[in-house]
1. Could you state the angle between the C-alpha long axis of helix 15-39 and the longest principal axis of the C-alpha atoms of the chain, as a value from 0 to 90 degrees rounded to the nearest 10?
2. Give me the percent relative contact order of the chain, please, defined on Cα pairs under 8 angstrom at least 6 residues apart.
3. What whole-number value in Å² describes the accessible area per residue of region 9-101 for a 1.4 Å probe?
4. Using the Kirkwood radius over C-alpha pairs as Rh, can you work out the diffusion coefficient of region 1-87 via Stokes-Einstein at 25 °C, viscosity 0.890 mPa s, in µm² per second?
5. Within the set of other residues whose C-beta is less than 15 Å from the C-beta of residue 38, count the net charge using Lys and Arg as +1 and Asp and Glu as -1.
6. If each of residue 23 and residue 98 carries a label point 7 Å out from its Cα toward its Cβ, how far apart are those two points in nm?
7. Given a 1.4 Å probe and heavy atoms of the protein chains only, how would you sort 64, 96, 11, largest accessible area at the top?
8. Can you give me the % of accessible surface on region 32-101 that is carbon or sulfur? Probe 1.4 Å, all protein chains present, nothing else counted.
Amino acid sequence: SAVGLSLADGLPADPTRVAAAIVVTGVFVAQVGPGLLTRLRCHDPVARGVALGIAGHGLAAAELLRREPLAGVVASLVFALTAVATSLWLPWLAPLLWPLP
């Protein structure tokens, strides 16, 4: 939430909607992600951690850490790296996505 809300300040985005989208995404991925990956026959803890760390951010990483320790550690690392990468490239990409009127 902290990264998303910080980045939303510099964009023409409503912080309330950004916060809601972040929370809903995290809860959804934390609840649906592990079962979906199991149904897709993805049992490798590193692959599971990467998928849920990118898609579900901190909430999914915390839930995965409770269920599968190695996958949770990977998810936490990937989540942190994704946050840093997004913070670095979004300011340059934002003018292309949201041109000023």
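1. 20
2. Averaging sequence separation for qualifying contacts and normalising by length gives 24 percent for the chain.
3. Values: 6130 Å² over 93 residues.
Using a 1.4 Å probe on heavy atoms only, each residue of region 9-101 averages 66 Å².
4. On the way: Rh = 13.0 Å.
Calculated translational D: 189 µm²/s.
5. After counting each charged neighbour, the total is +1.
6. Label-label distance for residue 23 and residue 98, simple model: 2.0 nm.
7. Solvent-accessible surface, decreasing: 96, 11, 64.
8. Details: 3440 of 4580 Å².
Answer for region 32-101: carbon and sulfur cover 75 percent of the accessible area.
The values are calculated or read from the model by the stated rules, or taken from the named source; none is laboratory data. Every value quoted in this text rests on a predicted model; they were computed, and no experiment measured them. As a convention, Cβ positions derive from the backbone with ideal geometry for all residues, glycine included, and neighbour counts pool all protein chains shown. These area figures cover heavy atoms from the full protein model, side chains too; ligands, DNA and RNA do not enter into them. Shrake-Rupley method; radii C 1.70, N 1.55, O 1.52, S 1.80 Å.
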